[in-house]
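Have a look at the structure below before the remarks.
We did not get these values from a lab; they are worked out from the coordinates using the rules stated. Note that this is a predicted model, so its numbers are computed, not measured.
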Amino acid sequence: MTKSILLALATLLLALAPASAQWTPDTTLVLKGRVVSMHSKRIYRKAVVVRGGKIVAIQRTTAPVPADAIVIETEGYIYPGLINLYSHPLYNF
């Protein structure tokens, strides 16, 4: 019983804690990972730079990053411009 209460309290505190980096439409976002391109059969380790909700660059992962950027190491595949139409609405809250 006590463990359940402590777990519930810890979950509540984590849910209420502010995130260290808040995304806004004006924020620069840098996604690093394996970029899949429509124009090439190869997959490259790159960084996709998103500013104002639009892709502004695809660059080397070692390229300089803007000071205000949020950098996310995806460790996965990035499909620039692909829209994910498959979603579980209840998981998005």
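How much length is gained if the chain between SER40 and ASP68 is pulled fully straight, taking 0.36 nm per residue apart and subtracting their Cα-Cα distance, in nm to one decimal? Walk me through the numbers on the way to the answer.
Numbers: separation 28, 0.36 × 28 = 10.08 nm, distance 3.11 nm.
So the chain would gain 7.0 nm between SER40 and ASP68.
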| task | Mind checking which aspartates and glutamates have their Cα closer than 12 Å to the Cα of LYS46? Skip sequence neighbours fewer than 8 apart in that chain. | result | GLU73, GLU75
| query | Using θ = phi - 60° and the Karplus curve 6.51 cos²θ - 1.76 cosθ + 1.60, what whole-Hz ³J(HN,Hα) does each residue of segment 56-61 get, with Gly and Pro shown as x? | reply | 9, 6, 10, 9, 4, 5
